[in-house]
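A quick write-up on the structure given underneath.
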Amino acid sequence: MDRGAFSPAPGLPAAMSPRVTAEVTKPPLLLLLLLLLCGRGHAPRSCPAACICTSDLLSCSRQTLQSVPRPLPPTVATLDLSHNALAQLGDRWLAALPHLEALHIGHNRIADLSPGAFHNASRLRHLDLSSNRLRAVETHYFEALVSLEELLLYNNRIARVDENAFARLSSLRKVYLSWNNLTTFPFHAVRGLGSYSLHTLDLSSNSLSSIPVEELDALPENIRNGLYLHNNPITCSCKLYLMLQRWKQRGFSSVKDFFEEHTCKVSDNVPRSLIKFLKYSHMFENCPPGPEDVHPVPFPAMVGQTLLLACNTSLPATTTTYMWISPHHEPIKHPGNSNRSLEVYRNGSLKIAVAKPWHSGVYVGLAIDSPRNFSRLCEVNVTVHYPKPDAETFSTGLTTLLGCIVSLLLVLVYLYLTPCRCLSCCKKPAPLSPPQECSAQSSILSTTPPATDGPNRKVSASKHVVFLEPVRETQNGKIRLALGEDFHDTKHPKVLQLKSDTESISSVFSDTPIVS
């Protein structure tokens, strides 16, 4: 071998051997291998062939799949396997999908579910198994789906639902079982679910022939509001009609939204004898009211009268008998009770020959068309009282009105016709005495001198005027006079006369009695 082949590369020291050169080139190769390994870890996650993968959704719809594709990405939250040819689901096939919340397996060929089909799917909230070939709903089908909220089972071949099929599904809100072959349904089994969240139970378009009205009335209101029973061949009955009429009056969506689709079968021997009994309800007009609709009819009567109680009915008289129950819980049939005080006619009327107070109470009329079929017709509340006396005195209301009128008259008399406070005020004033000179009364009552002088009166050029100060009360209640300037002597005879007159005037207009 030519040693020149191992000559050092240009720029390298001559003492460096080829072995050293090889060692220098090793680190870049190792680095490349590490980068390749690390890059393989960040490669895109696997997605089954013929499926579409997004961030958390895997769609394998309409691929004619006969088995579940593998592998399934663990990040999937929604899995769509609808419109395929799946016939069965293996045990724990969802174990690799811890975040699964919605599963669509509708339009397949699944006829049965294994006990472990939905294990490890405790977070599943929506399950669509519609349009498959399921024949029943067993207890073990969905017991592991503790978080399930919506269950779609319509358009299968289900003929039976186990009474414990939904016992552990406390979060269940909607169940769709329409378009199946159900002839009965365990309504009592879903009664407990109503206290949680169930508000839609669709049983429409099945083969239900009878409905337990008592059980349905016992269901919580949120279930009855969403209990869909239309398009079923249920046998016509007054109980069913009255129940649905009550639901309609209360505005339940199950009746209001599908009013014309509610049908019933007139005859069991004629399968196609279906009528829309809520739309054409004239044939149920004579149905007796249900227990919630019966209100006793008041029937007042007086002692000694003859009473006839009757219920409106259109039942054939040839095949129907009638019975009344008295307020004392005594059954009364035709012709009547033992002493004939109560008689029952063949048309159902009840006669009370002579009404007595002890005949008061509620009478219940029943129609019997078979040994065990009792239909309530009506309730009558009889009240027997004694007649009132003919000569009746004034009623309390009239007496009260008369009393008010008399009181009003007395008040008016008091206000406008009050008698005088003293006899002296009511007397007419005495005629004036002959005019006297400088009379205080004249000065007070008139400030204008007389037009003519009397025969005994002297005309004087200088008149002495007596005037009063502004009236004010002193301690003794008398009026004080202010004398003119001409009377400087208080003991003058005319001054004394004026004081005497003033005192007499004060005594007249004063409330203080004069003590003589």
Surface per residue (accessible, 1.4 Å probe) for the range 108-178, Å²
41
Gyration tensor on Cα atoms of the range 150-228, a ≥ b ≥ c root eigenvalues, a/c under 1.5 rounded, else prolate if a/b beats b/c, else oblate, says oblate
Order of exposure, largest accessible area first, which applies to Met323, Met283 with probe 1.4 Å
Met283, Met323
Give me the 1.4 Å probe accessible area per residue for the range 187-259, excluding ligands and nucleic acids, in Å².
41
Tell me, in nm to one decimal, what length is gained between Leu401 and Ser209 on full extension, where the rule is 0.36 nm per residue of separation less the Cα-Cα distance?
62.2 nm
At R0 = 45 Å, FRET efficiency that the Cβ-Cβ distance of Asn181 and Asn347 yields, to 0.05
0.45
Too long at a 24 Å Cα-Cα cut-off: which of Lys333/Lys388; Lys265/Lys333; Lys174/Lys256; Lys333/Lys356?
Lys333/Lys388; Lys265/Lys333
Can you tell me which of 164-177, 53-66 comes out highest on packing, and rank the rest after it, using the mean Cβ neighbours within 10 Å?
164-177, 53-66
Taking 7 Å along the Cα-to-C-beta vector as the label spot, tell me the Thr235-Ser147 distance in nanometres, rounded to one decimal.
4.7
At a Förster distance of 22 Å, what's the computed FRET efficiency of Arg191 paired with Arg246, Cβ-Cβ distance as r, to 0.05?
0.75
Ranked highest first by average number of other Cβ atoms within 10 Å, how do 328-334, 182-188, 240-246 line up?
240-246, 182-188, 328-334
Quote to one decimal, in nm, the extra length available between Glu221 and Gln305 on full extension: 0.36 nm per residue of separation minus the C-alpha distance between them.
25.5 nm
FRET efficiency, 1/(1 + (r/R0)^6) with R0 56 Å, evaluated for Thr139 and Asn337 via beta carbons
0.50
Two-site label geometry, Ala96 and Thr321: point separation in nm, points 7 Å out along Cα→Cβ:
7.5
Dipole of the range 132-176 (Lys/Arg Cβ +1, Asp/Glu Cβ -1, origin at the Cα centre): which of Ser171, Asn156, Ala136 lies farthest to the positive side?
Asn156
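The values are calculated or read from the model by the stated rules, or taken from the named source; none is laboratory data. Since the structure is predicted, the reported quantities are computational estimates derived from the model, not experimental observations. As a convention, Cβ positions derive from the backbone with ideal geometry for all residues, glycine included, and neighbour counts pool all protein chains shown. Ligands, DNA and RNA are stripped out before the accessible areas are found, and what is left, the full protein with its side chains, is counted by its heavy atoms. Shrake-Rupley method; radii C 1.70, N 1.55, O 1.52, S 1.80 Å.
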